[in-house]
Amino acid sequence: MTDRLNAAFAVLSDLEEGAPERVKANLDAFHPDAAEVVLGFAFTDVLSRDGLDLRTREMLTVGMLAAIGTAPGQLEFHMRAALNTGVSREELSEIVLQVAVYAGVPACMNAISAARKAFEA
């Protein structure tokens, strides 16, 4: 593994225990370079940048994933990750409610389902 991929796995591990192994297995089953390309970009090149802490980045990620409404698995993961980085249930609930205003009630309803699953985990 490259230094870039190791750095990505370190961030992923901070977000959720056991996530690096699960995500790597999923990506490796698709293509041997997928983890390097996808995780290296997302978690090393972007998420690890200075300027915003991981907690803030996770709140933003939850809002964006909820708004686009097309990635329920990713939304649920990042809601759990947000909780693991110190975001409270109340803060996540407020993010989800704000989604209704800017992305619509259907996106909010989907985000509520994801939040309930994350809260149960």
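Rule-based calculations on the coordinates, nothing more; no lab input. What you are looking at is a predicted structure, and each value in this text was computed from that prediction instead of being measured. No Cβ is skipped: glycine too gets one built from the backbone with ideal geometry, and neighbour counts run over all protein chains shown.
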Query raised in the report: Mind checking whether some residue in the stretch 54-74 is out of contact with any Pro (no Cβ under 6 Å at 6 or more places or on another chain) and under 19 Å from Leu5 (Cα atoms)?
Result: yes
Report task. Within the stretch 30-44, identify whether any single residue is touching a residue at least 40 places away in the same chain (Cβ under 8 Å) and either under 22 Å from Arg57 (Cα atoms) or not small (Gly, Ala, Ser) (or both), and answer yes or no. Result -> yes
